[in-house]
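Below is one structure, written out as structure tokens, with a few remarks after it.
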Amino acid sequence: MDRRISNSWLGLMVMAGAFSALYLVSALYPGQINPAALQYFSIEQAQNARAYSFVPRVIFIASFILQATALGWLVFSRQGAEISRRIEERSCGNYWKSILVYFFFLWLLLRLIRLPFTLGNYYWQQAWGFSTQSLASWWSDYSKGAVLDLFLLTCGVLAFFVILKYWPRIWWVIGATLFTLWLVLQNFLWPVLVSPMFNHFEAVKDPAVINMVQDLAAKAGIQVDKVLVMDASRRTTMANAYFMGLGTTKQIVIYDNLLKKYPLDEVRAVLAHEMGHWQKGHIIQGLSLGLLGNFLVWGLLAFFLRKLRPISGHNQPQLWAGLQLFLLLIMMVTNPLQSYISREMEKQADQVSLVLTENPAAVVRLQVNLAKNNLSDISPPGFIVWYGYTHPPVLSRIEAMGDY
């Protein structure tokens, strides 16, 4: 059994490493720009978009490699095991104190590893004129996010070791069940409690937009609870919109940049697209797939952690590093599947927007303008699209609209 588990760990690391290498090579050598894209964009726009996309792609891979290396060292090296043992010794026999000390050590280590990349992305956005946020404001957001992350993960690590202690055989079933409840609960709570910590939201006041919402909702045969405007301009010049929530917290959120910079027929196309997600049931579908995937991941986690758990006695704090390593690797390996599902949903929402607006020219113009203003890569490498694009590339979306 130990050999099977060891081989499984090795296989997971090799697969994640292969994906990382292919992603990095694709970022470094993206290939020729698709000539078909030049029907809508200039060669200068295409080159600028590639130049802008390059650094975030490299940051993504570099951050993953450093985190995986640090966690692998903590989990599988003698020195990593020694760190866990010394923390237990210095906790004077207090098991829960050792768990919390080790957790905070690991949390702080991973935060420090990610910080240069996160800060580097902020400066990159500044260099390209997208970020409107001061460094002080950025640090304020970062600190709030860190405190929230620390609180939630502290609850998580305590729950994890409690479940391991009292239900050693079925711990993964209980863990998956509790995490499932959290996934459902956060769809109700996040828009109400967490999002307002970082942005200001208010109901749309423009009568033209309100009328558009009512008209599109009637055509789509759905009820939209709220259409909100978010003060995105305090952080970025980019325009976007998204849907979130369930039940009475169901919302379409529009960046204020979109309302300020885009004509009403393009705003209408955005609203129609977001309504398409509800009409097609994508929120429920996504949540259902997430819950199924959650149980599968916890089942795999139980298998992978078996090598790290003692035959007798208590579970060592080092097990938390094993959990973090597994989640980091499994997310890397399963990302293409998650991206594919998301892209298919986006395609369906695009089709609904064409039906609801009855204005294909505006829908296509919206895609072109968003790509230009947000510097989206208009001819991205095929592997990067397959691996990580949650939306189809802009040219694919335009061509699909023409076919439709």
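The values are calculated or read from the model by the stated rules, or taken from the named source; none is laboratory data. Note that the structure is predicted; figures quoted are calculated from it, not measured. Because the Cβ atoms are built from the backbone with ideal geometry, glycine has one as well, and the counts that use them run over all protein chains shown.
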Check every one of the strands (runs of 3 or more DSSP E) wholly within the range 215-334 and list those with 2 or more residues that are among the hydrophobic types (A, V, I, L, M, F, W, C), at pLDDT 90 or above and not assigned by TED's automatic domain parsing to the domain that holds ARG86. 226-230
Give just the number: which of (1) surrounded by 13 or more Cβ atoms within 10 Å (Cβ to Cβ); (2) within 21 Å of GLN285 (Cβ to Cβ); (3) not small (Gly, Ala, Ser) does ILE163 not satisfy? (2)
Out of (1) touching a residue at least 40 places away in the same chain (Cβ under 8 Å); (2) in contact with a helix residue (DSSP H, G or I) (Cβ under 6 Å, 6 or more places away or on another chain); (3) surrounded by 15 or more Cβ atoms within 10 Å (Cβ to Cβ); (4) not small (Gly, Ala, Ser), the one ASP141 does not meet is (2)
Being surrounded by 20 or more Cβ atoms within 10 Å (Cβ to Cβ) and within 22 Å of LEU289 (Cβ to Cβ) narrows LEU329, LEU356 down to just LEU329
Of all residues in the range 1-21, which are at pLDDT below 95 and among the aromatic types (Phe, Trp, Tyr)? TRP9
In the range 378-389, which residue that is at pLDDT 95 or above and in a loop (DSSP other than H, G, I, E, B) is nearest to the chain's Cα centre (by Cα)? TYR389
Positions within the range 268-313 being surrounded by 14 or more Cβ atoms within 10 Å (Cβ to Cβ) and farther than 23 Å from MET244 by Cβ, in sequence order: PHE295, TRP298, LEU300, LEU301, ALA302, PHE303, PHE304, LEU305, LYS307, LEU308, ARG309
Just to be sure I understand the filter: pairs with C-beta atoms under 7 Å, separated by 6 or more residues or on different chains, first member in the range 193-217 and of a type in the set (S, T, N, Q), second member surrounded by 11 or more Cβ atoms within 10 Å (Cβ to Cβ) and in a loop (DSSP other than H, G, I, E, B). Which pairs pass? ASN199/ASP231
